[in-house]
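The values are calculated or read from the model by the stated rules, or taken from the named source; none is laboratory data. In this text, all values refer to a predicted model and were calculated from it rather than measured experimentally. Methodologically, a virtual Cβ is constructed for each residue, glycine included, from the backbone with ideal geometry; neighbour enumeration extends over all protein chains shown. Keep in mind that these areas ignore ligands, DNA and RNA; they rest on the heavy atoms of the full protein, side chains included. Shrake-Rupley method; radii C 1.70, N 1.55, O 1.52, S 1.80 Å.
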Amino acid sequence: MSKPLRFWNTRGKLSDDLMSSGERLVDAPRGGALGGDTATGLLIEFTFEGDKNASPKYATAVVDLTQTGRSGQPITTHRAFTNFIFGPDGIEHKAVFMEGATCMPLAIQVHAGKTEKSAKLDFHCTETVAPK
């Protein structure tokens, strides 16, 4: 995966790569995203490598995105990718957009052929209690 995780903020632009930032991400919907921006969703870009200028008939990749809700129950988004068309550089990009995914920890598991990769992002939002 290369530059795989980015915030989508309210101004319609993408953030820098979240995997290499190392910053704690708290209350992104309220301005806790990178640079103090607000974020309403998460665009996850997956970069796959293959033979140059190839379109392998049986190439597939499976991605599981698991978030942990407030009750501790896992919420899994499962995506399967096919129809890979590797360009002259041998690269193919696939993406998943997750709306409202900026307050729950996120675990990413990718299986492509014999290759397996994983990553984790520790998103958190604090609760606000209205005064009585």
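Coupling constants for segment 111-121 follow from the phi torsions by the Karplus curve (6.51 cos²θ - 1.76 cosθ + 1.60, θ = phi - 60°), and in residue order they are 10, 9, x, 8, 8, 9, 9, 9, 8, 9, 10 Hz; glycine and proline get x.
Using a ≥ b ≥ c from the Cα gyration tensor of segment 29-108 (square roots of the eigenvalues), is it rounded, prolate or oblate, where a/c under 1.5 gives rounded and otherwise the larger of a/b and b/c decides, a/b for prolate? It is oblate, given that a/c is not under 1.5 and a/b is not larger than b/c. On a per residue basis, segment 45-131 carries 65 Å² of accessible surface, using protein heavy atoms and a 1.4 Å probe. The solvent-accessible area of E116, taken with every protein chain present and a 1.4 Å probe, is close to 110 Å².
Applying the criteria of a DSSP loop state and at most 12 other Cβ atoms within 10 Å to the chymotrypsin sites (Phe, Trp or Tyr not before Pro) of segment 55-132 yields Y58. Taking a ≥ b ≥ c as the square roots of the eigenvalues of the Cα gyration tensor, an a/c ratio of 1.5 or more together with a/b larger than b/c marks segment 68-132 as prolate.
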